[in-house]
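Read through the structure below, which is laid out as structure tokens, and then see the notes.
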Amino acid sequence: MNGAKSLVRTLLASGVDTCFANPGTSEMHFVAALDQVPGMNCVLGLQENIVTGMADGYFRIAGKPACTLLHCGPGLANGMANLHNARRARSGIVNIVGDQATFHRPFDAALTADTTGMARTVSSWVRTSTRSADLGRDAAEAVRAARVVPGQVATLILPADVSWEEGGVVSAPIEAPQPPGIDGGAIEGAARMLRTQSDVLILLDGPAALSEAQALAWRVACATGASLMNSYMAAHVSRGRGRVPVERVPYAMGKALEALERFRHVILVNAEPPVGFFGYPGMPSVQHHPQTQFHVLSRPDQDPVEALQGLVRALNAPQAAVPDPGPRPEPVRGAPTPEGLAQTLAALMPDDAIVSDESVSYGRGFYPLTHAAPPHDWLHLVGGAIGAGMPMATGAAIAAGKRRRVINLQADGSAMYTLQSLWTQARERLPVTTVLLNNRKYNILIGEYTSVGAIPGPTAMSMLDLGNPSLDWVRLAKGMGVEAACATTLDECADLMTSSFGMSAPFLIELMV
């Protein structure tokens, strides 16, 4: 058995059964092993940032890591933006990165790079295999690292000769460590503070933003009068009817400061103290009042359900009914607006949908108008590297076994970073509806100009303009094999949404906003 076959067999034994790939010459024996060893679902992406973004979306829905296959250092470099996003989202991913054969590396051939150095910037675990006999063990340890709660990026660098040489040994799975237990003192301290203070915020992140933990946090909030919010960095949120209508810390610095100013005590449940994405002239870096005290109930590597159950017991907090969000709204007619689109989405989305949100500035007010939608999962871009929404939607659809409709709310500028995702959606016949928000500009950067105190002139504005020439998203989508249509009103958008939700294939709606 060569090293490549031992690698595939070890990955499968360790529970990794999906491979998002963009292979090259150094990985051909691994590709052959994927063909010869049954059991691995292989999904091709046309560029490495598609591959890594799909792996991120897959983990968020499946709750387990997939592997990626990337071609040498430059291939890893192409995929690093969405690996950065995955690291910030705490998604578990096993990267398999090809490399020069060990005997060829000293000759400094064209694709030779500091792959290890690049990998360390986005990975919690990095190793280069040097012998076929060790490759299985290395793969098992990579999967173990990716499964460390709440999830990590692990990168295994695979020289070509380690892949093709005989002597491979399949390794048994290596169990990931259990999350550290919750500190009873932290529970008692939070309970004592909640009994005595009135200006308390419970801030949720990671798995604390999912339905079970949200419901427990709601019991605590109802029993004590505390407020409840999701961190802006919450990567995966349970939303819709029957879930707690938790709002998110705003992105904009001024609005975040306003939302958090009154709280003098913040209980962190798998969250970290909120800070701004950027530094702005005359503005603080932190988004809270200078006198705010933070109390850690559970760290990101701990179980928030265990922590909140302990807090519920300590407070003897009774069951609390989730607020009724009111009747499901009707679709909105007329010219597109952010509020109208959010209401139309809430009116029409199917049960158990998945929303992959890279609407950027257009979608910042979607939350309040979608609480009455059916139960659904909402995935956010949290690392700030745009180009995540389309591949994340693709990976999420694969993780859901093509059984759930995925709705990608997608800004036009960031969509151009990873539009090749549409090709994979067509190839795999994935149930993804992309609502492409076409305003023909980098609108978020126009807002950032104001935030940093700069005055844009004609040259600056031309660099934020996507209308010269205009992008034709219907033709772009059809060129990738995805059916598409343009909507200029919310009436047209609603009709196209309704039609697409009944399809077993992808569809793109270019909404002119």
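We did not get these values from a lab; they are worked out from the coordinates using the rules stated. Predicted model only: the values in this text are computed from it and were never measured. Using ideal geometry, Cβ is built from the backbone for each residue, glycine included, and neighbour counts are taken over all protein chains shown.
Quick one: net charge of residue 315's neighbours, Cβ under 14 Å, K/R +1, D/E -1? Spell out each step's value before the answer.
Values: positive: 192, 195, 219, 313; negative: 188.
Residues close to residue 315 contribute a combined charge of +3.
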Open item on the list: Under 5 Å between amide hydrogens, which residues at least 5 positions from residue 230 or on another chain qualify, with H placed 1.01 Å from N in the peptide plane?
Closed with: 204, 247, 248, 249
Task: Sum of -39500 (n - 2.57) over DSSP H runs of 4+, divided by residues of the chain (222 nm, nearest 500) - done: -11000 deg cm²/dmol
Open item on the list: Quick query: amide H of residue 484 versus all other amide H atoms, modeled in the peptide plane; which residues come in under 5 Å with a sequence gap of 5 or more or a different chain?
Closed with: 508
- [ ] Might you report the magnitude of the Cβ-based charge dipole of the chain about its Cα centre, with Lys and Arg at +1 and Asp and Glu at -1, to the nearest 20 debye?
- [x] 660 debye
TODO: Using a 10 Å cut-off on Cβ atoms, rank the peptides 166-176, 234-244 from the highest mean neighbour count down.
DONE: 234-244, 166-176
TODO: Order these peptides, 502-512, 187-197, by their mean beta-carbon neighbour count within 10 angstrom, highest first.
DONE: 502-512, 187-197
Task: Net +/- balance of residues flanking residue 426 in space, Cβ distance below 15 Å, scoring K and R +1, D and E -1 - done: +3
- [ ] Give the Debye-formula value of log10 I(q)/I(0) at each listed q (0.10, 0.15, 0.18 Å⁻¹), with one equal scatterer per alpha carbon of region 338-512, two decimals each.
- [x] -0.36, -0.81, -1.15
Open item on the list: If you consider only alpha-carbon coordinates, what radius of gyration and Dmax does region 1-62 have, in Å?
Closed with: 11.8, 34
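Ranking request for peptides 471-484, 124-137: highest mean number of other beta-carbon atoms within 10 Å first, then the rest in descending order. Can you show the working numbers first?
Numbers: 471-484: 17.9, 124-137: 20.0.
So the peptides 471-484, 124-137, ranked by packing, come out 124-137, 471-484.
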- [ ] Sequence neighbours fewer than 8 away in the same chain don't count; with that in mind, list the aspartates and glutamates whose C-alpha is under 15 Å from residue 255.
- [x] 247, 448
TODO: Towards the positive end of the charge dipole of the chain, with charges on Cβ (+1 Lys, Arg; -1 Asp, Glu), say which of 113, 30, 251 has the farthest Cα.
DONE: 251
TODO: For region 184-315, state what percent of all Cα-Cα pairs lands in each successive 10 Å bin, counting from 0 Å until the bin that includes the largest distance.
DONE: 14, 47, 32, 7, 0
Task: Shape parameters for region 252-338, alpha-carbon atoms, Rg then Dmax in Å - done: 18.4, 52
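Among residues other than residue 144 whose Cβ falls under 11 Å from its Cβ, what is the net charge (Lys/Arg +1, Asp/Glu -1)?
Details: positive: 137, 147; negative: 138, 141, 175.
It works out to a net charge of -1.
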Task: Mean projection area, nm², convex hull over Cα of the chain - done: 24.8 nm²
Open item on the list: With θ taken as phi - 60° and the coefficients 6.51, -1.76 and 1.60, list the Karplus ³J(HN,Hα) couplings across region 363-379 in order, rounded to whole Hz; mark glycine and proline as x.
Closed with: x, 5, x, 5, 4, x, 9, 10, 5, 8, 5, x, x, 7, 10, 10, 10
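Please figure out what share of the DSSP beta bridges in the chain is antiparallel and state it in percent, rounded to the nearest 5. Mind showing how you got there, number by number?
Values: 8 of 74 bridges.
Of the beta bridges lying entirely in the chain, close to 10 percent run antiparallel.
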